[in-house]
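J.: The structure is given below, and queries will be raised subsequently.
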Amino acid sequence: MLVMGEVHTGLLQNSGEISEPACRQVLGLMTGETVRVSRRPIVHALSPDRLTGVDCVLPAASGSRIRGVGTVVSRCAVTGGRVAQGSSYVRLARSETDRRLPWSHYLARPGVIEVLGKARAADIAEGFVGEGAPRLHGCLDLTAVTGRFLDLVQTSPLLNRRAPFRMPRTILRWVAETGEPSIAFTLHTEQERTLRLTHPGPFTPAVVDLCEDLAVHDWLLTSLLVVVERARVGATPAAEVAARLSPAVDHLLHLWMPAARVEERLTPFWESLERRPGFSRQWRSLVDRVRDQLAVHTLALLSANAETGGR
Amino acid sequence: MTPVHATFGEVAAERRIASVPLSHVSVELGHLYMEDFEAGPARLREQFRRVAPWLATIRSVWRERVPGGRARVSTCFLVDDYFSRFSTPAELVPMILEAAAEHDLTIDYLARESACAQFEDGRSGAVELARLVEDRLVDDPPPETDGSRPPVKETGWLCNGSRSPLTTPLQAMGKARPWEPPTQNAKRGHSIFVDVELWDERGARRTWSCPFLAAVWQLLRLGLLRAEGRVPLPPVPLEGDWPGDWDRLPAVVRINPQAAPFSAYTTLSVLSPRFLPVELAVRTILGQVAVDDEVLRQVAARSESERVRLEEELVDRVSYVFT
């Protein structure tokens, strides 16, 4: 019917990046399950999936009360030992009955929420990602579920909670359906983004990988923008600008790896976002700006040195 | 030059889930507690006398159900070495096997209950099956659970609905709330509310409850557990004689070299009716265990390939004869 999910992205609450074994420990959320780690082209660690049971109203733009019963899949990821993510999603499917069944029925289809009664996929999708959709009382709260999973990582005793700079979490809310390929990425507030995706073929978890990959890069871009903004280039002395920009060099610049973890059949979605609005274009221009500022500052230091040396 | 199609893989990034050989049905011929042992061999013989006709029945039922009539039926026997240690394998096991043989029963596999909690040996390493299953519990959500708060948990307990609200008045609050009943989530008209104690702790020592270990035992027999992607506690043949110490016995011993696989699509346990409450608790637990998706798919694909229709919900793969 429809798949919907949420990705929360934030800076890992640690002073430096964490090692691969530390990632494994931080993300080891379940006994007997391994943390999956890929090292190329960037270290990416993914926790095992966990489920949360729900029986509640689903979002609906029309305001109608649609009941859904089932489980939400959640997982956490750490990219480059530095960026933490919590991610949850549900596949919606029509229930064959209009009453709630024994719980074992729902656990036989992990990650599926069965929709009881009449409902239109478009109404639910619009209710979830649409601008100004009514917030129904007792409605499925993926933000809370996902936030709790990210908190699990961020409050791990293995982290020292001394992040080099403060950066709010971003929330990407997404819906995916099967159909003619299309992608719509929208920035709402400072922290909120939505993504509507129509993909050919049936849904697979690769779609979730794509959303998580987009969320990481959107967060990187947002964070670098904030760092550059906070540096107040031109309004502050060069030395101070350089000091304010240096965390970006230490912690962010090397993390840009668009579509690194995206299945080949889904890379066209990334490519289309690269054409418009051009994530990488903006990233490169920001990176250039940071490097130019640091270069100018270095040159100033060098010439100041030369002057004092020459006297 | 034509485009080159490159593939790149990383083993640590992939999930590898081992598959397990499966019989059609795993029949538990008995479960021995200390009290049974103390009652002497007559109690055991009586148990096997009652079981024998049911084993014959289940064999013939599966012979009819399986195309070609080649039903794979394995039998097992569980000894409690967790709640109380009694006797030794050297003394006890031959007595069990002999009593079974008197009723023409062959025990294919013998298992230790303590292995359902945790087990460690050179071959398997350390496996904490009880913890593993506990982490896979997904609480049955009462209506209006929207995920905004973490599931309401009473640590160490698991129920099938909503508990009664507290009725004892706090001193400052004055008036007592009238009693409100607990409710079962999937009730049909009226509730049958079940609340199961999973474990208790004295100091640092946790004792898992009998129903919880029995749920682990069922999952092990259904071949639905994996530890780090591997099949935990695979049966091993006994080397040499039955040891004089339970700790030197493997978790699951293959006694009959010709036996059909230990794990099976379905299980049948032949039990005394006194175990009925325990099994209700077991089913309450099993109804809230989320088995790995990939493992579920493996088992479903295998059963389809040999044209055996399997119940979708795992509690429906577990059956009993109370006699």
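J.: So which chymotrypsin sites (Phe, Trp or Tyr not before Pro) in the stretch B:255-306 are both in a DSSP loop and have at most 13 other Cβ atoms within 10 Å of their Cβ?
T.: Listed in order of number, the matching sites amount to none.
J.: Let me have the relative contact order for the stretch A:221-310, percent, based on Cα pairs under 8 Å that are six or more residues apart.
T.: Relative contact order for the stretch A:221-310 comes out at 36 percent.
J.: To the nearest 20 debye, what is the magnitude of the charge dipole of the protein assembly as shown about its Cα centre, counting +1 on the Cβ of each Lys and Arg and -1 on the Cβ of each Asp and Glu?
T.: Taking the Cα centre of the protein assembly as shown as origin, the dipole is about 1260 debye.
J.: Name the residues of the stretch B:283-323, by number, that are at least 50 Å² less accessible with every protein chain in place than in the isolated chain; the surface is that of heavy atoms, probe 1.4 Å, without ligands or nucleic acids.
T.: B:Glu312, B:Glu313
J.: May I ask for the percentage of alpha-carbon pairs in the stretch A:196-266 that lie more than 17 Å from each other?
T.: Of all Cα-Cα pairs in the stretch A:196-266, 54 percent lie more than 17 Å apart.
J.: Give or take rounding to whole Å, what are the principal axis extents of the alpha carbon atoms in the stretch B:10-90, in descending order?
T.: Cα extents, longest axis first: 55, 40, 19 Å.
J.: Out of the DSSP beta bridges found with both residues in the protein assembly as shown, what percent are antiparallel (nearest 5)?
T.: Of those bridges, close to 65 percent are antiparallel.
J.: May I ask for the percentage of alpha-carbon pairs in the stretch B:182-264 that lie more than 15 Å from each other?
T.: Percentage above 15 Å: 74.
J.: Something else about it: Can you list which of the GluC sites (Glu not before Pro) found in the stretch B:7-47 are DSSP loop residues with at most 15 other C-beta atoms within 10 Å?
T.: Taking the stretch B:7-47 and a limit of 15 other Cβ atoms within 10 Å, the loop GluC sites (Glu not before Pro) found are B:Glu10, B:Glu14.
J.: Out of every Cα-Cα pair in the protein assembly as shown, what percent are more than 45 Å apart?
T.: 31
J.: Suppose every K and R has +1 on its Cβ and every D and E has -1 on its Cβ; what is the size of the dipole of the stretch B:51-182 about the Cα centre, in Debye to the nearest 20?
T.: Charge dipole of the stretch B:51-182: 420 debye, to the nearest 20.
J.: List, largest first, the extents of the alpha carbons of the stretch A:131-171 along their principal axes, each in whole Å.
T.: For the stretch A:131-171, the Cα extents along the three principal axes come out at 39, 19, 10 Å.
J.: Can you give me the % of accessible surface on the protein assembly as shown that is carbon or sulfur? Probe 1.4 Å, all protein chains present, nothing else counted.
T.: Details: 15560 of 29920 Å².
In the protein assembly as shown, the share of accessible area belonging to carbon and sulfur is 52 percent.
J.: Further question: Among B:Trp208, B:His190, B:Cys116, whose Cα projects farthest towards the positive end of the dipole of chain B, with charges put on the beta-carbon of Lys, Arg (+1) and Asp, Glu (-1)?
T.: B:His190
J.: Scanning chain A for GluC sites (Glu not before Pro) in DSSP loops with at most 13 other Cβ atoms within 10 Å, what's the longest stretch left with none?
T.: With GluC sites (Glu not before Pro) excluded where exposed in loops, chain A gives A:1-95 as its longest stretch.
J.: How about the stretch B:55-145: which chymotrypsin sites (Phe, Trp or Tyr not before Pro) there lie in a loop by DSSP and see at most 15 other Cβ atoms within 10 Å?
T.: Loop-located and lightly packed - B:Phe83.
J.: Find the sum over both chains of the accessible area lost when B and A are paired, probe 1.4 Å, and report it in Å² to the nearest 100. The partial results should precede the final answer.
T.: On the way: alone 18090 and 14990 Å², together 29920 Å².
By this definition, chains B and A bury close to 3200 Å².
J.: Using only Cα positions of the stretch A:163-298, each an equal point scatterer, no hydration layer, compute I(q)/I(0) via Debye at q = 0.09, 0.22 Å⁻¹ and quote the log10 values to two decimals.
T.: At q = 0.09, 0.22 Å⁻¹ the computed log10 ratios are -0.32, -1.32.
J.: Oh, and also: Once phi is turned into θ = phi - 60°, what whole-Hz ³J(HN,Hα) does the Karplus curve with 6.51, -1.76 and 1.60 give for every residue of the stretch A:162-170, x standing for Gly and Pro?
T.: Each residue of the stretch A:162-170 in turn: 10, 5, x, 8, 8, 8, x, 5, 9 Hz.
J.: List, largest first, the extents of the alpha carbons of the stretch A:107-177 along their principal axes, each in whole Å.
T.: Cα spread of the stretch A:107-177 along its principal axes, largest to smallest: 49, 35, 25 Å.
J.: Rounded to the nearest 500, what is the 222 nm mean residue ellipticity of chain A from helices alone, with -39500 (n - 2.57) per DSSP H run of 4+ residues and division by all residues?
T.: Details: 8 runs with 116 residues, N = 311.
For chain A, the value works out to -12000 deg cm²/dmol.
J.: Could you work out the Rg to Rh ratio of the stretch B:71-216, with Rh taken as the Kirkwood radius (inverse of the mean 1/r over all Cα pairs)?
T.: Result: Rg/Rh = 1.11.
J.: What is the stretch A:26-74 by shape, rounded, prolate or oblate, if you read a ≥ b ≥ c off the alpha carbon gyration tensor as root eigenvalues and call it rounded for a/c under 1.5, prolate for a/b larger than b/c, and oblate otherwise?
T.: Oblate, because a/c is 1.5 or more while a/b does not exceed b/c.
J.: Still on this structure, please answer the following. Please report the antiparallel percentage of the DSSP beta bridges confined to the stretch A:129-241, to the nearest 5.
T.: Here the antiparallel bridges make up roughly 45 percent for the stretch A:129-241.
J.: Continuing with the same structure: Report the relative contact order of the stretch A:84-132, percent, no decimals, based on alpha-carbon pairs under 8 angstrom and at least 6 residues apart.
T.: 40
J.: Using only the Cα atoms of the stretch B:183-323, what are the Rg and Dmax in Å?
T.: 17.5, 58
J.: What area, in nm² and to one decimal, does the C-alpha convex hull of the stretch A:2-194 cast on average over all directions?
T.: With every direction weighted equally, the projected area is 12.4 nm².
J.: If you wrap a convex hull around the alpha carbons of the stretch A:253-311, what volume per residue comes out, as a whole number of Å³?
T.: Numbers: hull volume 4.1 nm³, N = 59.
Dividing the Cα hull volume of the stretch A:253-311 by its residues yields 70 Å³.
J.: Would you please classify the overall shape of chain B from the alpha carbon gyration tensor, given that a ≥ b ≥ c denote the square roots of the eigenvalues, rounded means a/c under 1.5, and beyond that prolate means a/b larger than b/c while oblate covers the rest?
T.: Taking the square roots of the gyration eigenvalues as a ≥ b ≥ c, chain B is oblate.
J.: Among A:Arg173, A:Arg99, A:Arg284, which one shows the highest mean-square fluctuation when chain A is modelled as a Gaussian network with alpha-carbon springs under 10 Å?
T.: Its mean-square fluctuation being the largest, the pick is A:Arg99.
J.: What value, in deg cm²/dmol to 500, does the helix sum -39500 (n - 2.57) over DSSP H runs of n ≥ 4 give at 222 nm once divided by the residues of chain B?
T.: Only helices count here, giving -8500 deg cm²/dmol.
J.: For the stretch B:14-172, build the charge dipole from Cβ charges (+1 Lys, Arg; -1 Asp, Glu) around the Cα centre, then report which of B:Ile17, B:Pro165, B:Val79 sits farthest towards its positive end.
T.: So the residue furthest toward the plus end is B:Ile17.
J.: From Cα coordinates alone, what are the radius of gyration and Dmax values for the stretch A:136-235 in angstrom?
T.: 16.6, 52
The values are calculated or read from the model by the stated rules, or taken from the named source; none is laboratory data. This is a predicted model, so every value here is computed, not measured. For neighbour counting, all protein chains shown are included, and Cβ atoms are generated from backbone atoms with ideal geometry for every residue, glycine included. For the accessible areas, the whole protein counts, side chains as well, though only heavy atoms, and no ligand, DNA or RNA atoms are used. Shrake-Rupley method; radii C 1.70, N 1.55, O 1.52, S 1.80 Å.
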